[in-house]
Amino acid sequence: MTILDGKKVSNDIKDEIKQQVDKMKAKNEKVPHLAAVIVGNDGASLTYVGSKVRACERVGFESTMVRMSNTTSEIELLDKIDELNQNDDIDGFIIQLPLPPQINTQKVLMAVDPSKDVDGFHPENFGKMALDMSTFIPATPFGILELLDRYGVETKGKHTVVIGRSHIVGRPMSILMGRKGFPGNSTVTLTHSHTKNITQITSQADIIISALGVPNFLKAEMVKDDVIIVDVGITRVPDETSPKGYRITGDVDFENVSKKASYITPVPGGVGPMTIAMLLKNTLLAREQRM
Ligand code: GUN
């Protein structure tokens, strides 16, 4: 069994990005600048955005965190997006999700200039991705592809089962694993809350990508020997023994499933750090496209 070590690989990617930024600095070129907008006080979202800003510092990017109150109106957020679209110093930006209920997420994501949409959530970029055109690929699916690529995990002709159809992970992942190319060329089954007899499906899978958000959902009895497991779950589970009062738990019963798996991502230290590294990569791409 091989651990797909997202922490290590993401550090390698960040080192590679930093080298490119150092070259830009040596030539007196503008370095990439990422902005992240966060609306409200959700603890997990604040943690993620904080990590994204720290990652920018580590590779030498400029970063701006825009904090807006929980009562922000849709118009106020759209005005802020317009400002970021117009601001020539900002190469790319993200609107951290989820947004409070008074704001229409789809409307907000459509307001982002596609050339600055480093999350790849705008319909123009999502459509390009589905049509195999070069574009920003959403950071989590992009990170999973990169992790499979760097470990040389074969995906061609394999049966990949994706659990969860979110716009951020499951849906794009199902498209990317089925596309022509590497990683890809899989036969993909996309499962979701209305899927019947999921064990029958997961037990036939060569590769399982779980993005459900239900701790320890995937048990050893649900998978076959030598399965490849990518666990995207990051649920905070109360834990009095931890200083933070919680621990991060994946969708997969790691202890037992890992005994049957050929490759598996841990939580934490698997997909999570890869997401951040690929957001940086998209931001570097955005800067290069603006030169
Ligand atoms: N919320 C959970 N994952 C993501 C992500 O990749 N990007 C943004 N903007 N929000 C998220």
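The values are calculated or read from the model by the stated rules, or taken from the named source; none is laboratory data. In this text, all values refer to a predicted model and were calculated from it rather than measured experimentally. Note that each Cβ is placed from the backbone with ideal geometry, even for glycine, and that neighbours are counted across all protein chains shown. The protein model used for the area step is the full one, side chains on, heavy atoms only, and it has no ligands, DNA or RNA in it. Shrake-Rupley method; radii C 1.70, N 1.55, O 1.52, S 1.80 Å.
Please give the number of the condition LYS107 fails out of (1) within 14 Å of the ligand (Cβ to nearest atom); (2) open to solvent by 50 Å² or more (accessible area, probe 1.4 Å); (3) in contact with a Leu (Cβ under 8 Å, 6 or more places away or on another chain).
All conditions are met except number (1).
For the list (1) more than 20 Å from the chain's Cα centre (by Cα); (2) without any contact (Cβ under 8 Å) to a residue 40 or more places away in the chain, I need the number of the one condition that GLU16 fails.
(1)
What strands (runs of 3 or more DSSP E) lie completely within segment 173-291 and have 3 or more residues being buried (at least 20 other Cβ atoms within 10 Å of the Cβ), under 17 Å from the mean Cα position of the chain (by Cα) and touching a residue at least 24 places away in the same chain (Cβ under 8 Å)?
Qualifying strands (runs of 3 or more DSSP E): 207-210, 228-231.
Considering only segment 159-172, state which residues are part of a strand (DSSP E or B) and open to solvent by 60 Å² or more (accessible area, probe 1.4 Å).
none
I'm trying to understand the selection: among the residues of segment 121-144, which are more than 11 Å from the ligand (Cβ to nearest atom), under 19 Å from GLU288 (Cα atoms), in a loop (DSSP other than H, G, I, E, B) and not β-branched (Val, Ile, Thr)?
Hits for segment 121-144 are MET133, SER134, PHE136.
Any residue at all in segment 75-93 that's in contact with a Cys (Cβ under 8 Å, 6 or more places away or on another chain), at pLDDT 95 or above, closer than 23 Å to LYS107 by Cβ and not acidic (Asp, Glu)?
No, the conditions are met nowhere in segment 75-93.
State which residue pairs qualify: first residue at negative phi and open to solvent by 60 Å² or more (accessible area, probe 1.4 Å) and inside segment 132-158, second residue more than 12 Å from the ligand (Cβ to nearest atom) and in a helix (DSSP H, G or I) in any location, beta carbons under 7 Å apart, and separation of 6 or more residues or different chains.
Short answer, once both residue conditions are applied: ARG150/VAL9.
Has segment 47-55 got any residue that is under 18 Å from MET278 (Cβ atoms), free of Cβ contacts under 8 Å to residues at least 60 places away in the same chain and in contact with a Leu (Cβ under 9 Å, 6 or more places away or on another chain)?
Scanning segment 47-55, I find at least one residue that is under 18 Å from MET278 (Cβ atoms), free of Cβ contacts under 8 Å to residues at least 60 places away in the same chain and in contact with a Leu (Cβ under 9 Å, 6 or more places away or on another chain), so the answer is yes.
Can you find a residue that is aromatic (Phe, Trp, Tyr), within 14 Å of the ligand (Cβ to nearest atom), out of contact with any Asp or Glu (no Cβ under 7 Å at 6 or more places or on another chain) and open to solvent by 60 Å² or more (accessible area, probe 1.4 Å) anywhere in segment 48-62?
Looking through segment 48-62, at least one residue is aromatic (Phe, Trp, Tyr), within 14 Å of the ligand (Cβ to nearest atom), out of contact with any Asp or Glu (no Cβ under 7 Å at 6 or more places or on another chain) and open to solvent by 60 Å² or more (accessible area, probe 1.4 Å).
Could you check segment 25-42 and list, in sequence order, the residues that are in contact (Cβ under 8 Å) with a residue 60 or more places away in the chain and surrounded by fewer than 21 Cβ atoms within 10 Å (Cβ to Cβ)?
If the condition is that a residue be in contact (Cβ under 8 Å) with a residue 60 or more places away in the chain and surrounded by fewer than 21 Cβ atoms within 10 Å (Cβ to Cβ), then GLU29, LYS30, VAL31, HIS33, GLY40 are the ones that fit.
Counting only residues that are over 24 Å from the mean Cα position of the chain (by Cα) and in a helix (DSSP H, G or I), which one in segment 82-102 is farthest from the ligand (Cβ to nearest atom)?
Checking each candidate, the answer is GLN86.
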